[in-house]
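A.B. asks: Input: one structure, supplied below.
The values are calculated or read from the model by the stated rules, or taken from the named source; none is laboratory data. It should be emphasised that the depicted structure is a prediction, and the values quoted were computed from it without experimental measurement. When we count neighbours, we look across all protein chains shown, and the Cβ atoms used for this are built from the backbone with ideal geometry, even at glycine.
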Amino acid sequence: MLIIQGGMGIAVSNWRLAQTVSALGQLGVVSGTAIDQVLARRLQEGDPGGHMRRALDAFPVPALAQAVWDEFYVPEGIAPLDTFKKIEMPTAEPSFEWQARVMVANFVEVFLAREGHDNPVGINFLEKLQTPHLPSIYGAMLAGVDYVLMGAGIPMKIPGVLDRFANHEPATYPLSVSGASVDEPVLLSMNPRDFVDMDLPPLKRPNFLAIVASDTLAQSFTRRANGKVNGFVVEGPTAGGHNAPPRGATQLNERGEPIYGPRDVVDLEKMKALGVPFWLAGGVGTLEGVKAALAAGAEGVQVGTAFALSKESGLRDDIRQALLARERAGTAEVLTSALASPTGFPFKVAAMEGTLSEDDVYEKRPRICDLGYLRTPYRKEDGEVGFRCPSEPVNLFVAKGGDVKDTEGRACICNALMATIGLPQTRARKHVEAPIITMGDDLIGIGRFLPPGATEYSAADVIAALTEGLV
């Protein structure tokens, strides 16, 4: 495929967008990030269109799917300003119910993305968000996912998980725990037979694409991964979402953005020498960018921002329209924040009123961590694994051994991104979580995809523009 549609979370790259892109012959990708929370809230909104119910009916273990439905479905949808039901946060020893919910949610998203065509579909995960990996991957594989893409870390052990799950075999995954000894690794584990109590034929082993920011890391993957790596997405610092930090000591410019230098430029000749297919990402969302990628030896490009602003994406419609209006007016702006994300990774943020990119909105938000996807595991004094987040209340973070300096400027990305797709939590019937918008530098000039006289564009418009004369 020439174009990979970026897997943007939370649910910006939803099943509708991926289905559209794949049906048009390119690789549509859904985001698996926090998809269990997304499914739960869609059901609490009454499942408009009945799409969740249709996908749940296709899950191979009806009892597990029905349990999710019974727990969250609200026939008429919750009332405005009602609070979405709180569900348990990820842990190192998750409950059967939590794992089943994650598994079912990933199945649902991939199943819907694969409807209506026979072309490949992918799913994107963040390595930093490790606790859901095993049930997420198995659920996506039950739905027939064709590609698994993963970045925001070094997922060396994912290929082996794919190999084992293809035969419904138990799998483990090492959890990165701060303060844990290398001699006592913490392993996440899952046995598919605990959930699927029937004989199923072997599953298709999806292709694995590692998202990397350096040729050195790509070389390391080819030597050290515990299974086959089928390709790489080489992502530069102009891409949206989380970026890899600059190599070497971090320096900031006058806007507080990390400064990238020559060491952060990927040597594409070395990528070609690996003999593994690769795609370029970040600032390549133009026909010229695609042609340059092909000339450099890439199979094509991964594009996120252009698809995020298409009418099929999960981005809240008013936000999408406002960003397009800003771009047409020449006032669109993207900042690479060194602080916003609790992961510590640089995070691209688009400026807009009423979002966490505004200081007063950020400062008025009470510090609450109740989704917990980006929490960091750490070894407690009693030897157990605890979780802490720089975006939680400062006194709690410090009490868990965290450094108070790490809390400065941190935003609650989890809750904010749920708000960005129109599923914000409401607290005490008055405080509604504000969104945060992540876009790549390609936001500037994104109006090139608008048809003459139009104020919005489709995923088909993006694909047509990026493949003109090439396909």
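A.B. asks: Restricting to the range 450-468, count the residues that are in contact (Cβ under 8 Å) with a residue 60 or more places away in the chain and in a loop (DSSP other than H, G, I, E, B).
C.D. replies: Selection size over the range 450-468: 6.
A.B. asks: Within the range 226-241, restricting attention to residues that are modelled with pLDDT of 90 or more and among the small types (Gly, Ala, Ser), which residue is nearest to Leu280 (Cα to Cα)?
C.D. replies: Gly231
A.B. asks: In addition: Residues of the range 93-132 being in a helix (DSSP H, G or I) and more than 20 Å from Val61 (Cβ to Cβ), which ones?
C.D. replies: The answer is Ala113, and nothing else.
A.B. asks: Residues that are surrounded by fewer than 24 Cβ atoms within 10 Å (Cβ to Cβ) and in contact with a His (Cβ under 6 Å, 6 or more places away or on another chain): does the range 23-31 have at least one?
C.D. replies: yes
A.B. asks: How about the range 237-287: which of its residues are surrounded by 17 or more Cβ atoms within 10 Å (Cβ to Cβ), in contact with a Pro (Cβ under 9 Å, 6 or more places away or on another chain) and more than 18 Å from Leu466 (Cα to Cα)?
C.D. replies: Pro237, His242, Asn243, Ala244, Pro246, Glu257, Pro258, Tyr260, Asp264
A.B. asks: Between Leu134, Leu149, Leu209, which is touching a Phe, Trp or Tyr at 6+ places or on another chain (Cβ under 9 Å), touching a residue at least 24 places away in the same chain (Cβ under 8 Å), buried (at least 23 other Cβ atoms within 10 Å of the Cβ) and within 22 Å of Tyr378 (Cβ to Cβ)?
C.D. replies: Answer to the check: Leu134.
Yes/no per residue for (1) over 22 Å from Ile444 (Cα atoms); (2) assigned to a loop (DSSP other than H, G, I, E, B); (3) of a type outside the set (D, E, K, R):
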residue	(1), (2), (3)
Arg247	yes, yes, no
Thr250	yes, yes, yes
Tyr260	no, yes, yes
Ala293	no, no, yes
Ala306	no, no, yes
Glu312	no, yes, no
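Results for (1) surrounded by fewer than 19 Cβ atoms within 10 Å (Cβ to Cβ); (2) without any contact (Cβ under 8 Å) to a residue 12 or more places away in the chain; (3) of a type in the set (Gly, Ala, Ser), shown as yes or no for each residue.
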site: Ala306; (1), (2), (3): no, no, yes
site: Ser313; (1), (2), (3): no, no, yes
site: Glu333; (1), (2), (3): yes, no, no
site: Ser337; (1), (2), (3): no, no, yes
site: Tyr362; (1), (2), (3): yes, no, no
site: Arg365; (1), (2), (3): yes, no, no
site: Leu371; (1), (2), (3): no, no, no
site: Leu374; (1), (2), (3): no, no, no
site: Pro377; (1), (2), (3): no, no, no
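A.B. asks: Still on this structure, please answer the following. If you check Arg379 against the conditions, is it modelled with pLDDT under 95, more than 23 Å from the chain's Cα centre (by Cα) and under 30 Å from Gly447 (Cα atoms)?
C.D. replies: Spelling it out, it is not the case that Arg379 is modelled with pLDDT under 95, more than 23 Å from the chain's Cα centre (by Cα) and under 30 Å from Gly447 (Cα atoms).
A.B. asks: Please work out which one of (1) over 22 Å from the mean Cα position of the chain (by Cα); (2) without any contact (Cβ under 8 Å) to a residue 40 or more places away in the chain is the condition Asp318 fails and give its number.
C.D. replies: Result: Asp318 passes all but (1).
A.B. asks: Then there is this: Determine if the range 172-190 includes at least one residue that is under 22 Å from Gly122 (Cα atoms) and either within 20 Å of the chain's Cα centre (by Cα) or part of a loop (DSSP other than H, G, I, E, B) (or both).
C.D. replies: Among the residues of the range 172-190, at least one is under 22 Å from Gly122 (Cα atoms) and either within 20 Å of the chain's Cα centre (by Cα) or part of a loop (DSSP other than H, G, I, E, B) (or both), which makes the answer yes.
A.B. asks: Applying the selection to the range 318-352, what residues are closer than 18 Å to Gly282 by Cβ and hydrophobic (A, V, I, L, M, F, W, C)?
C.D. replies: Result: Ala332, Val334, Leu335, Ala338, Phe345, Phe347, Val349, Ala350.
A.B. asks: Still on this structure, I have one more. Working carefully through the options Gly386, Gly402, find the one that is part of a loop (DSSP other than H, G, I, E, B) and either in contact (Cβ under 8 Å) with a residue 24 or more places away in the chain or surrounded by fewer than 22 Cβ atoms within 10 Å (Cβ to Cβ) (or both).
C.D. replies: On inspection, the qualifying residue turns out to be Gly402.
A.B. asks: Hey, could you check the range 175-199 for residues that are surrounded by 13 or more Cβ atoms within 10 Å (Cβ to Cβ) and among the hydrophobic types (A, V, I, L, M, F, W, C) and say which is modelled with the lowest pLDDT?
C.D. replies: Restricting to residues being surrounded by 13 or more Cβ atoms within 10 Å (Cβ to Cβ) and among the hydrophobic types (A, V, I, L, M, F, W, C), the top hit is Ala180.
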